[in-house]
Amino acid sequence: METKRIDLVIVTGMSGAGKTVAIQSFEDLGYFTIDNMPPSLVPKVIELVKHSEETSKIALVVDMRSRLFFDEVNVILDKLESNQELNFKILFLDATDGELVSRYKETRRSHPLAADGRVLDGIKLERELLSPLKSLSQNVVDTTEMTPRQLRKTISEQFSSTEDQTSFRIEILSFGFKYGLPLDADLVFDVRFLPNPYYDPALRNQTGLDQEVYDYVMEHKESEVFYSHLTQLIKPILPGYQKEGKSVLTIAVGCTGGQHRSVAFAHRLAQELKNDWTVNETHRDKDRRKETVNRS
């Protein structure tokens, strides 16, 4: 039986340097993630993932919130380094003292090592304690001048393989305006200006995924003109969203009831974009029925 090789990243560094953003970035890259991980439990997590068929990538935040950190971490790191089944790396996040003080003042949180003293005192003590760990880290990232978006991009560049580039995906969603706008939509397009299949009794109880309804929606000149403009707008901007570190872009297409026109357009757009991107297609209100008159 072939031995499963596990990618393990220990995320650590100065408090306030961006570990929360980092662990969210690893989650977007398909890693199994745990925040505030006690060092002593790291081998147990590795063992669990070793016998899991769902993932072989782990990212764990181990930092000063773990009270036994300095008593345990060196022993654990030695074991991880000698484990031939692991591709093991340490990501150390750092920032200048001035920037860390500024971030703590913005959030009004106390530093874990400051106790009743000044935030700067806690930062200086933490930097001294973490100095040996920083020297062992294969990846040290200074976040002083970075925005969260830039940090996510840096992590993606350093830890995603070619096949992991599918971490950017597009969600194509159809919906009915009568049921409310989708809260997670980034781009919303309205196709209520198009001829409505609802008024054809033979099509009323079908949806935009049925060929008859799809053909009815698309056979009109205004439908083709709109679709052409829609794709000309969307296609050029997709690489920009990916470059800026966005993991999911949700494009919503709406009609009145979300059964006919929006479904047909969302389906056509999804099928075309699938040629170049990872796309999920969802029709929120396609099968929704009410006893009241449903004009989709």
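Couple of notes before you dig in:
- Residue that is surrounded by the fewest Cβ atoms within 10 Å (Cβ to Cβ), among those in the stretch 1-27 that are among the charged types (D, E, K, R) and modelled with pLDDT under 85: 2
- Counted residues, the stretch 180-228 - those being basic (Lys, Arg) and surrounded by 12 or more Cβ atoms within 10 Å (Cβ to Cβ): 2
- Answer residue from the stretch 229-255, given it is at pLDDT 95 or above and in contact with a helix residue (DSSP H, G or I) (Cβ under 6 Å, 6 or more places away or on another chain) and is surrounded by the most Cβ atoms within 10 Å (Cβ to Cβ) among those: 255
- Evaluation of residue 288 against the conditions (1) modelled with pLDDT under 90; (2) out of contact with any strand residue (DSSP E or B) (no Cβ under 8 Å at 6 or more places or on another chain) shows that the sole unmet condition is (2).
- Whichever residue in the stretch 261-275 is over 28 Å from residue 200 (Cα atoms) and out of contact with any helix residue (DSSP H, G or I) (no Cβ under 8 Å at 6 or more places or on another chain) and, among such residues, is surrounded by the fewest Cβ atoms within 10 Å (Cβ to Cβ): 275
The values are calculated or read from the model by the stated rules, or taken from the named source; none is laboratory data. Since this is a predicted model, take the numbers as computed values, not measurements. Neighbour counts run over all protein chains shown; Cβ positions are idealised from the backbone, glycine included.
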